[in-house]
Structures are given as structure tokens and as C-alpha cells.
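Okay, so here's the structure we're looking at.
The values are calculated or read from the model by the stated rules, or taken from the named source; none is laboratory data. These numbers were taken from a predicted model, which means no experiment stands behind them. Neighbour counts are summed over all protein chains in view; Cβ atoms, including those assigned to glycine, are modelled from backbone coordinates with ideal geometry.
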């Protein structure tokens, strides 16, 4: 979905990674959890911190800082897991996105959103829906369905299922 397809005012949940503020459409957010014990799953990518038990379901927890090329997320009083619904290949998968802190939910009009910058062919920005302007700051609006590729999510989910079944 490009920024030009955002034609109505939407609500976004903002969160922080380092000094940067990101946002995702609240329609993808299931809940926000305090950082809890995450069970590491061997032989998974670095950004895959492990899994949590969410009311009987195994949910992979992915470190958003590592995914975006930053340092690993450290546990603080503000660190939390945003449980989101991600769609790929026609199916919805639940993942936990580990972030430094959650800020707020706010509405943003389409006229306050600009297209993602084009920074050459080496930097992939297809997971950025746009750049929201709020006060004098930019907020990077993510297309959560495109932050992790189908291959990454499929691989992580299959790895977890195999290891949980005792076949890994």
C-alpha cells in the first residue's frame, strides 16, 4: 500500500527504537505486553529473540532493533512487546515485535503523510508506508506486512514448529 492509498484519517500506535519514532496502523495491533521471559529457539536468525506463551499459543518475538540494523534491544522498564497481526500469502500470523517503548495512539490525516524517501537502489524502503509529520518531527509509518518478508516469516514459523515438535 503506498502513501497515496491512505485516503482517510487513521489511528497509529507509535513506538521508539533508539532515537527514532515509528508507527503502525492500530488495526494490526492485538495488544501490548510488558517484556516477559522469552524462550530462545536455537538456530534461528539473530532478530528472532525467541517465543512467548500467549494464552496457550506460541508467538515468535522479533527484535525490531536488530531487524533494522541497530543494536540488540536491552530490557528496561519501558521495553515491551507489541503483538501484531501480519498478513502474508493470504494468511494471518501473530508475531511479537520487541521495541524500546510504546509512545501513544494518535490520528493522522492523509495530508500529513509524505511518501518514503527514495535513497538509491541499495536501501530497501518498501516496508515504509510513508513519513508522517507531527509537530516538527517525522514519524516513520511502517507497513507491518512488509517489514518481514514472507520467506523470513515462513522460515521462522516453520523452525519454531519443528523445534517445538521435537524434530529440530
* Among (1) in contact (Cβ under 8 Å) with a residue 60 or more places away in the chain; (2) assigned to a strand (DSSP E or B); (3) closer than 21 Å to residue 146 by Cβ, the one test that residue 61 misses -> (1)
* To do: Would you mind telling me which numbered condition in (1) surrounded by fewer than 19 Cβ atoms within 10 Å (Cβ to Cβ); (2) at pLDDT below 95 residue 32 fails?
  => (2)
* To do: Working only within the range 131-168, note down all residues that are under 15 Å from the mean Cα position of the chain (by Cα), at pLDDT 70 or above and not in a loop (DSSP other than H, G, I, E, B).
  => 139, 140, 141, 142, 144, 145, 146, 147
* Out of (1) within 13 Å of the chain's Cα centre (by Cα); (2) under 17 Å from residue 18 (Cβ atoms), the odd one out for residue 71 is which? -> (1)
* To do: Give me the pairs, please: first residue somewhere in the range 6-29 and in contact (Cβ under 8 Å) with a residue 24 or more places away in the chain and on the phi > 0 side of the Ramachandran plot, second residue anywhere and surrounded by fewer than 19 Cβ atoms within 10 Å (Cβ to Cβ) and not in a helix (DSSP H, G or I), beta-carbon distance under 8 Å, and either six or more positions apart or on two chains.
  => 18/70
